[in-house]
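Report on one structure; see the data block that follows.
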């Protein structure tokens with residue numbers, strides 16, 4: 001992944017908004033939630049903490065683990081054990097050669113249970129061992145009411161989550177560039193088989209075409225779970241995630257929920273009390289470095305209680321490199337940290353040549369003093 005570096009490189013943790021008057025959302029779902037995609041703030045909920053089966057939305061975790069720990073360029077050969085699974089498929093056959101990249105898209109677009117099983121066995125050696133990885137990751141992310149048994153989402157009494165946990169998982173997963181690109185793709189041209197040949201898979205997620213700014217995420221269905229759906233929208237710099245579990249009318253539910261979530265947000269500009277700092281530079285070709293801190297745009301359902309604390313050193317030692325992290329700005333809401341911004345040097349400051357020679361002399365004298373004694 002490429003990291004964009006600038007003087008004011010910002011790790012944004014934000015909320016989002018568009019004007020709309022709405023007091024509530026009517027949904028067909030047994031459980032539902034809408035959160036801010038950047039902070040996790042709950043904007044709407046219905047039975048959001050109730051554990052329920054989640055069908056193929058499980059594959060969000062499977063895909064995340066693949067993107068974080070798998071080499072997507074790696075090619076493997078499909079075995080009988082890998083494709084011994086019922087339900088939806090990307091069309092894998094025993095003996096097929098397929099890359100982990102192809103498996104990611106077969107998993108997230110075609111919702112292939114064969115892809116899920118193959119990923120689990122390749123990465124962990126067995127389904128139970130991969131389920132352990134899934135549950136460990138769930139704990140790491142902070143999912144409190146989630147239990148994984150299968151990589152595909154096939155029904156099991158011990159396989160469940162909540163709408164809220166699933167939203168938090170999605171928020172985390174969407175920060176992975178490979179994962180986000182896959183779930184936001186309407187289709188993908190892949191090459192696999194024996195020998196590999198070109199084929200095109202289409203994303204089951206209709207919201208990618210139905211809703212402006214939709215960037216994912218995953219559909220799911222079994223008779224036990226009903227229709228399950230996770231979606232995400234980024235529009236005009238604003239970002240919300242919606243989840244429904246057991247929703248007969250999920251497409252319409254999500255259109256309503258996403259619009260409502262966007263409508264609940266107010267954009268606030270947070271400006272530090274002091275936006276420009278002069279930091280002395282010791283032994284440099286310039287006496288000081290001027291640092292400017294840009295206002296921070298925060299999207300939240302709240303508009304008050306914001307503050308900013310700037311942390312910078314009292315001085316810097318030359319040489320200073322442009323892009324070097326020299327401090328940070330911490331943004332808070334009612335005392336709680338909601339965002340951090342790295343403060344980077346905006347110019348190179350070299351070590352003064354005379355100072356270099358002077359330092360060499362000082363070091364020589366120091367060594368000589370150490371050898372000869374006081």
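Screening the stretch 226-235 for residues that are under 23 Å from residue 89 (Cα atoms) and surrounded by fewer than 22 Cβ atoms within 10 Å (Cβ to Cβ) and picking the one that is farthest from the chain's Cα centre (by Cα) gives 226.
Listed by position, the helices (runs of 4 or more DSSP H) contained in the stretch 87-205 that have at least 3 residues being surrounded by fewer than 22 Cβ atoms within 10 Å (Cβ to Cβ) and in contact with a helix residue (DSSP H, G or I) (Cβ under 9 Å, 6 or more places away or on another chain) are 113-124, 127-141, 177-183. Restricting 142, 87, 112 to those that are at positive phi and over 18 Å from the mean Cα position of the chain (by Cα) reduces the list to 87. Could you run through the stretch 298-325 and say how many residues are part of a strand (DSSP E or B) and either in contact with a strand residue (DSSP E or B) (Cβ under 6 Å, 6 or more places away or on another chain) or free of Cβ contacts under 8 Å to residues at least 24 places away in the same chain (or both)? Of the residues in that region, 12 qualify. For residue 219, are the conditions met, namely being in contact (Cβ under 8 Å) with a residue 24 or more places away in the chain and closer than 19 Å to residue 104 by Cα? Taking the combined requirement at face value, the residue satisfies it.
Being modelled with pLDDT under 50, over 20 Å from the mean Cα position of the chain (by Cα) and either surrounded by 14 or more Cβ atoms within 10 Å (Cβ to Cβ) or not in a loop (DSSP other than H, G, I, E, B) (or both): is that true of residue 8 here? Step through it out loud before you land on a result.
Details: modelled with pLDDT under 50: yes; over 20 Å from the mean Cα position of the chain (by Cα): yes; either surrounded by 14 or more Cβ atoms within 10 Å (Cβ to Cβ) or not in a loop (DSSP other than H, G, I, E, B) (or both): yes.
Judged against the criteria, residue 8 is a match.
Only one residue in 238, 223 is more than 24 Å from the chain's Cα centre (by Cα) and either crowded, with 21+ Cβ neighbours inside 10 Å or not assigned by TED's automatic domain parsing to the domain that holds residue 305 (or both). Which one? Reasoning before the result, please.
Values: 238 fails: more than 24 Å from the chain's Cα centre (by Cα).
It is 223.
Within the stretch 68-80, is even one residue assigned to a helix (DSSP H, G or I) and surrounded by fewer than 15 Cβ atoms within 10 Å (Cβ to Cβ)? Full working, then the answer.
Taking the stretch 68-80 and keeping what is assigned to a helix (DSSP H, G or I), we get 68-69.
With surrounded by fewer than 15 Cβ atoms within 10 Å (Cβ to Cβ) added as a condition, the list becomes 68-69.
Checked the stretch 68-80: at least one residue is assigned to a helix (DSSP H, G or I) and surrounded by fewer than 15 Cβ atoms within 10 Å (Cβ to Cβ).
Of the residues making up the stretch 277-297, those that are closer than 13 Å to residue 343 by Cα, in a loop (DSSP other than H, G, I, E, B) and in contact with a strand residue (DSSP E or B) (Cβ under 6 Å, 6 or more places away or on another chain) number 2.
The values are calculated or read from the model by the stated rules, or taken from the named source; none is laboratory data. These figures come from a predicted structure and were not determined experimentally. Note that we place each Cβ from the backbone using ideal geometry, even for glycine, and neighbour counts take in every protein chain shown.
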